[in-house]
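S.K.: Please read through the structure below; I'll follow up with questions.
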Amino acid sequence: MFEADVAHIAQHSSTGALPQQDRVGELVAEAHERYAGANASDGAVADYIPILARADADWFGLSLFAADGASHNAGDTGIAFSIQSISKAFVFALVCDALGHEAVHDVIGVNNTGLAFNSVVAIELNGGSPMNSMVNAGAIATTALMPGKDSDARWDAIRSGLSRFAGRPLLLDGEVYRSESFTNYRNHALARLLQSYDRLAIGPDEAVDLYTRQCSLAVTARDLAVMGATLACGGINPLTRERVVSAETSRDTLALLASCGMYERSGEWLYEIGLPAKSGVSGGIVAISPGKGAVGAFSPPLDSAGNSVRGQRACAYLSRSLGLNLFASAPRADIEPNPGPDPFQSPDREGASR
Ligand code: GLU
């Protein structure tokens, strides 16, 4: 939309640096300790995909991968879980990288629906548009745009693309894939509705199957931190040094995560924590600080929107203590605040208000 206007202007970044490594490690450990004991009944483990209900409500892993390659880990950062909705962020990045900024904007959209992640009504209210790639309808439509000559090639591009973000080969959790495949009637309904509006680039069954597979890839909290850190570093994985996507794609992905990544609580999240992020129903959260690194959190109990309760608290703590909030600024040290009366307050108005 605005891209044509500004495409010739070099993109400069607006980022700072993390505190010293030791301090970052201490704060990650502190955040973990602070919320590990949080009451699990503050949230509920997802059970609408039957196998997710088996998760232990006490699991809690917190990982931060810094842009300089340093890794800080506390708690259950080695436990594997299905990536679920967090895959949407990285599949979006791959598709955006392949098709470009304008194409994803025009074909899918980049505005929040304000409705639940699996809403059917959102499609109807928006004339058949899937609205954005972070809700199920938009994610299924985005996955359908993945380049490839057939379903196997598309799946290979998704799996290998997400593996490049993680810096290691990610594997499908077959049990999760089967459990979700037997119960994902709603996603099939969304795909058929999109097809009726001619909004799906491939057949609905194939699109839902690919989407279900991507959601079933097994990751750890540490993987999420590395994947997010790749977006924080302009698309270069700070672990492997491989370029995964372009800097422009990283920027576009983070913009979308800021407005749509935390379900219908994205506004509240941005207000409180101030970072682009994505969460998933298995309890993962990735929160990205451009230029600095990313936090990967995992704890299965969720709030009513589907966001991990402990994960959100730990991210809020780290955002505040590490200075990650994108909107936080301090006055310049060389500018003294004016101690005198407010020069903009007119005596008349002052008098009138008394
Ligand atoms: N595979 C899940 C679904 O389609 C992902 C949901 C989520 O993590 O938000 O329902």
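S.K.: Would you check which residues across segment 45-90 are within 26 Å of residue 210 (Cα to Cα), more than 12 Å from the ligand (Cβ to nearest atom) and of a type in the set (Val, Ile, Thr) and list them?
M.R.: 45, 79
S.K.: Output the residues belonging to segment 53-92 that are within 30 Å of residue 145 (Cβ to Cβ) and of a type in the set (Val, Ile, Thr).
M.R.: 83, 86, 91
S.K.: Additional query: Would you mind stating whether residue 118 is more than 16 Å from the ligand (Cβ to nearest atom) and out of contact with any Asp or Glu (no Cβ under 9 Å at 6 or more places or on another chain)?
M.R.: no
S.K.: Return only the number of the condition from (1) β-branched (Val, Ile, Thr); (2) out of contact with any Ser or Thr (no Cβ under 7 Å at 6 or more places or on another chain); (3) within 16 Å of the ligand (Cβ to nearest atom) that residue 113 does not satisfy.
M.R.: Evaluating residue 113 over (1) β-branched (Val, Ile, Thr); (2) out of contact with any Ser or Thr (no Cβ under 7 Å at 6 or more places or on another chain); (3) within 16 Å of the ligand (Cβ to nearest atom) leaves (2) as the failure.
S.K.: Same structure, new question: In segment 42-72, what residues are free of Cβ contacts under 8 Å to residues at least 40 places away in the same chain and either closer than 23 Å to residue 227 by Cβ or outside any loop (DSSP other than H, G, I, E, B) (or both)?
M.R.: Once the filter is applied, which keeps residues that are free of Cβ contacts under 8 Å to residues at least 40 places away in the same chain and either closer than 23 Å to residue 227 by Cβ or outside any loop (DSSP other than H, G, I, E, B) (or both), segment 42-72 yields 53, 54.
S.K.: Under 8 Å between Cβ atoms, at least 6 apart or on separate chains: pull out the pairs that start in segment 204-219 with a residue that is over 13 Å from residue 146 (Cβ atoms) and hydrophobic (A, V, I, L, M, F, W, C) and end on any residue that is near the ligand (Cβ under 10 Å from one of its atoms) and part of a strand (DSSP E or B).
M.R.: Within 8 Å, the pairs are 215/82; 217/82; 218/82; 219/82; 219/284.
S.K.: Then there's this: Go through segment 274-291 residue by residue and tally those that are buried (at least 24 other Cβ atoms within 10 Å of the Cβ) and either away from the ligand (no atom under 16 Å from the Cβ) or of a type in the set (Ser, Thr, Tyr) (or both).
M.R.: Residues that pass the stated criteria total 6.
S.K.: All but one of (1) touching a strand residue (DSSP E or B) at 6+ places or on another chain (Cβ under 6 Å); (2) part of a loop (DSSP other than H, G, I, E, B); (3) more than 16 Å from the ligand (Cβ to nearest atom) hold for residue 170; state the number of the condition that does not hold.
M.R.: (3)
S.K.: Suppose we filter 230, 212 for residues that are at pLDDT 95 or above, away from the ligand (no atom under 16 Å from the Cβ) and within 19 Å of the chain's Cα centre (by Cα); which single one remains?
M.R.: Testing whether each residue is at pLDDT 95 or above, away from the ligand (no atom under 16 Å from the Cβ) and within 19 Å of the chain's Cα centre (by Cα) leaves just 230.
The values are calculated or read from the model by the stated rules, or taken from the named source; none is laboratory data. Given the structure is predicted, the values throughout are model-derived calculations rather than measurements. All Cβ positions, even for glycine, are placed from backbone atoms using ideal geometry, and neighbour counts span all protein chains on display.
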